[in-house]
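Trainee: Handing you this structure, nothing more for now.
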Amino acid sequence: MVMKENPVIETILDHRSIRKYSDQIPSDEVVKTIVRAGQQAPFASQYYSVLLSRNRKRNPFKAPLLFTICIDSHKFELIMAKRGWKLVTNDLTLLFFGIQDAAYMAENMVVTARSLGLGSCFLGSAMFRAAKIAEEYELPERVFPLVQLTMGYPAEDPPPRPRYPMEFTLFEDKYPELNARTVSKAMKQMDEGYLAQEYYRKARAMIPIEAGRKETFTYDDYSWTEHICRKWGQWYPQPNELLEQLEKRGFNIAEKKKPLKK
Ligand SMILES: Cc1cc2nc3c(=O)[nH]c(=O)nc-3n(C[C@H](O)[C@H](O)[C@H](O)COP(=O)(O)O)c2cc1C
């Protein structure tokens, strides 16, 4: 694919999550630059706060920096109270905008960090550990830890991970009817990309199969699409039934059987 090039694009395309960090400690200037650049992301209401821990011994991956990006209604309610207003917008709307504000800020931090030679990795478990994090950082009510971000100078250099093909991502004018070929092609690009890097073998990250079902995968063919199915899904005992149900809803993703040669 022919693409434009410049240092910003290079930094963005060079992204890979870093899970091993060197002993070099990022300076205060570096930390402040990263957070300040994060703040300059577009916002709906700056509906976030960022917590920082430099407790390397306790931080995941022993990272020198651990940021916890929170959705923050508390600060906003204080501003409103000062002006004599009460927050009445429903929580779902605030949550959707809050997630966006926090996410755009966090990604700006990731890119800025990379441009300064630091690596980072998001941790999605924060929202499940919200109560513990709230206690640890003495969070006021209505401040919710959305995601964490480990950061520091890299002590590993993994290859950039694959992404879906453009045709499975960018839909101009109209959402296309996705057929078996496009779905398979997207799956293949992801699976072959991860297999070529031996990602799951090196990480020993195969998710065990549910009790009662025989394991048919090895690290020779276990890859990203199987992994995310195991991560988010529930195994369906009759896969054909599932395909039929999808077909009734108008989605035909079953592979067409080749006609038998006479
Ligand atoms: C919301 C979110 C949660 C994530 N949670 C974790 C996590 O808990 N552990 C981890 O090692 N990586 C986590 N990651 C990093 C992803 O695994 C990683 O971004 C993805 O595999 C693509 O790889 P890359 O970032 O190297 O391109 C998370 C990323 C995001 C955006």
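Trainee: Per the helix-only calculation at 222 nm, which mean residue ellipticity applies to the chain, given -39500 (n - 2.57) for every DSSP H run of n ≥ 4 and division by its residues, nearest 500 deg cm²/dmol?
Mentor: Rounded to the nearest 500, the figure is -11500 deg cm²/dmol.
Trainee: Restricting attention to the range 1-94, which chymotrypsin sites (Phe, Trp or Tyr not before Pro) occupy a DSSP loop and are surrounded by at most 13 other Cβ atoms within 10 Å?
Mentor: Filter output for the range 1-94: W85.
Trainee: Same structure, new question: For the range 83-198, give the magnitude of the charge dipole about the Cα centre (Cβ charges: +1 Lys/Arg, -1 Asp/Glu; no others), in debye to the nearest 20.
Mentor: Result for the range 83-198 is approximately 220 debye, rounded to the nearest 20.
Trainee: How big is the charge dipole of the chain about its Cα centre, in debye rounded to the nearest 20, if each Lys and Arg gets +1 on its Cβ and each Asp and Glu gets -1 on its Cβ?
Mentor: 440
Trainee: Taking the Cβ-Cβ separation of A203 and L87 as r and a Förster radius of 51 Å, what is the calculated FRET efficiency to the nearest 0.05?
Mentor: It comes to 0.75.
Trainee: Tell me, what % of the accessible area of the chain is carbon and sulfur with a 1.4 angstrom probe?
Mentor: After summing per-atom areas, the C and S share lands at 57 percent.
Trainee: What's the extension gain from K32 to A196 if we count 0.36 nm per residue and subtract their Cα-Cα distance?
Mentor: Taking K32 through A196 to full extension adds about 55.2 nm, to one decimal.
Trainee: Which of M109, M151, M206 moves the most in a Gaussian network model of the chain with Cα springs under 10 Å?
Mentor: Top of the fluctuation ranking is M206.
Trainee: Can you pull out the chymotrypsin sites (Phe, Trp or Tyr not before Pro) in the range 86-174 that DSSP calls coil and that have at most 16 other Cβ atoms within 10 Å?
Mentor: Y137, F171
Trainee: Given labels modelled 7 Å from the Cα in the Cβ direction, how far is it in nm from M187 to I79?
Mentor: That separation, rounded to one decimal, is 4.7 nm.
Trainee: Now for a different question. Compute the length gained on full extension between R54 and R213: take 0.36 nm times their separation in residues and subtract their Cα-Cα distance, giving the result in nm to one decimal.
Mentor: 52.8 nm
Trainee: So how far apart, in nm, are the two label points at Y164 and L116 if each is 7 Å from Cα heading toward Cβ?
Mentor: 3.3
Trainee: Given a Förster radius of 22 Å and the C-beta distance between I9 and K231 as r, what FRET efficiency does 1/(1 + (r/R0)^6) yield to the nearest 0.05?
Mentor: The computed FRET efficiency comes out at 0.10.
Trainee: R0 = 25 Å: FRET efficiency of F96 with A134, Cβ-based, nearest 0.05?
Mentor: Here the calculated transfer efficiency is 0.75.
Trainee: In whole Å, what is the distance between the alpha-carbon centres of the range 175-232 and the range 97-146?
Mentor: 28
Trainee: I'd like to know which of L116, Y222, I18 lies farthest towards the positive end of the charge dipole of the chain, counting +1 on Cβ of Lys and Arg and -1 on Cβ of Asp and Glu.
Mentor: Ranked along the dipole, the leading option is Y222.
Trainee: Could you tell me what a quarter of the Cα convex hull surface of the range 152-226 works out to, in nm² with one decimal place?
Mentor: 8.0
Trainee: Using a 1.4 angstrom probe, figure out how much accessible area the chain has per residue, in square angstrom, rounded to the nearest whole.
Mentor: 70
Trainee: Of the trypsin sites (Lys or Arg not before Pro) in the range 112-194, which ones lie in a loop per DSSP and count no more than 11 other C-beta atoms within 10 Å?
Mentor: Within the range 112-194, the qualifying trypsin sites (Lys or Arg not before Pro) (loop, at most 11 other Cβ atoms within 10 Å) are K174.
Trainee: May I ask you to list the aspartates and glutamates whose Cα is less than 17 Å away from that of K20, ignoring any residue fewer than eight positions away on the same chain?
Mentor: E156, D157
Trainee: Compute the label zone of E247 within the range 171-212: residues whose backbone N is under 19 Å from the point 7 Å along Cα-to-Cβ.
Mentor: Under 19 Å, as judged by backbone N against the label point of E247, lie 177-184 of the range 171-212.
Trainee: Lysine pairs in the range 34-149 8 or more apart or on different chains: how many have alpha carbons under 29 angstrom apart?
Mentor: Lysine pairs meeting the criterion: 5.
Trainee: Quick check: convex hull over the Cα atoms of the range 90-186, volume per residue in Å³, rounded to an integer?
Mentor: Hull volume over Cα atoms, normalised by residue count, gives 188 Å³.
Trainee: Projected onto the charge dipole of the chain (+1 at Lys/Arg Cβ, -1 at Asp/Glu Cβ, origin at the Cα centre), which of A37, A81, P160 gives the Cα projection farthest towards the positive end?
Mentor: P160
The values are calculated or read from the model by the stated rules, or taken from the named source; none is laboratory data. Because the structure is predicted, anything quoted here is derived from the model rather than measured. When we count neighbours, we look across all protein chains shown, and the Cβ atoms used for this are built from the backbone with ideal geometry, even at glycine. With ligands, DNA and RNA removed, areas are computed over all heavy atoms of the protein, side chains included. Shrake-Rupley method; radii C 1.70, N 1.55, O 1.52, S 1.80 Å.
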